[in-house]
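Input: a single structure, listed below in C-alpha cells.
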Amino acid sequence: MPLVGTSSSGQFSCTGTTLHTLRELRTKRKGQPVFVLGHLLDRKGQEATFEVFNDRIALVKFPDGAVIGYDPLELLLPTEIDEKGVAYFEIRPCAQCGILFPLTIAERDADTEPTECLGCRT
C-alpha cells in the first residue's frame with residue numbers, strides 16, 4: 001500500500017534558489033510536473049507527474065500511463081508553470097560536472113544564464 005506524502009492544497013512548485021528537485025520540496029502535491037533524470041535510459045529526459053511516495057521512492061506517471069519509481073533527487077522541478085497549468089522546463093548541462101540542472105525564472109530571464117549547477121557554483 002503506497003504511503004501518501006502529498007498535499008492537495010496549494011499550487012505546484014517551480015525551481016527556486018533553494019528548490020531544484022522533488023526531494024527538496026517540503027510538501028509534494030500529486031500531479032506535480034517533473035523532468036526525469038532517472039536510471040531508465042528510455043525514460044531519461046522525459047516529463048512526467050508525481051503520483052505518490054511508495055517506501056522511499058517517488059512514483060511518477062508518464063503521459064503513456066506508465067508508472068515508475070525514482071529517487072526524488074532524479075526528478076527536477078519546472079522553471080515555470082503558466083496560467084493554464086502547462087509546465088516549462090529550462091534544463092541545462094553543467095559546464096563543470098556535466099549534471100543536468102533546471103534554471104529558475106530569474107536565471108532564465110537574466111542577460112547571462114548560469115553555466116554551472118548550484119553545487120559547482122559554491
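Looking across region 61-106, just one residue is β-branched (Val, Ile, Thr), in a loop (DSSP other than H, G, I, E, B) and in contact with a strand residue (DSSP E or B) (Cβ under 6 Å, 6 or more places away or on another chain), and that is Thr79. Before we move on, is Glu113 more than 24 Å from Gly38 (Cα to Cα), at pLDDT below 95, among the acidic types (Asp, Glu) and out of contact with any strand residue (DSSP E or B) (no Cβ under 8 Å at 6 or more places or on another chain)? Criteria not met by Glu113.
Checked against (1) over 14 Å from the mean Cα position of the chain (by Cα); (2) of a type in the set (Phe, Trp, Tyr); (3) open to solvent by 50 Å² or more (accessible area, probe 1.4 Å), Phe12 passes all but condition (1). Within region 55-70, being open to solvent by less than 60 Å² (accessible area, probe 1.4 Å) and either more than 15 Å from His39 (Cβ to Cβ) or not β-branched (Val, Ile, Thr) (or both) holds for Ala58, Leu59, Phe62, Gly65, Ala66, Gly69, Tyr70. Here Pro78 meets the list (1) under 19 Å from Gln11 (Cα atoms); (2) open to solvent by 50 Å² or more (accessible area, probe 1.4 Å); (3) not hydrophobic (A, V, I, L, M, F, W, C) almost entirely, failing just condition (2).
Note on region 107-122: residues that are in a loop (DSSP other than H, G, I, E, B) and of a type in the set (D, E, K, R) total 3. Considering only residues of region 81-114 that are polar (S, T, N, Q) and in contact (Cβ under 8 Å) with a residue 24 or more places away in the chain, which is least open to solvent (accessible area, probe 1.4 Å)? Across region 81-114, the extreme among qualifying residues is Thr104.
Considering region 25-54, the residues that are acidic (Asp, Glu) and farther than 22 Å from Glu90 by Cβ include one that is least open to solvent (accessible area, probe 1.4 Å), namely Glu51.
The values are calculated or read from the model by the stated rules, or taken from the named source; none is laboratory data. Remember, predicted model here, so these are calculated numbers, not experimental data. Glycine also receives a Cβ, built like all others from the backbone with ideal geometry; neighbour counts cover every protein chain displayed. SASA here: full protein model, heavy atoms, side chains in, ligands and nucleic acids out. Shrake-Rupley method; radii C 1.70, N 1.55, O 1.52, S 1.80 Å.
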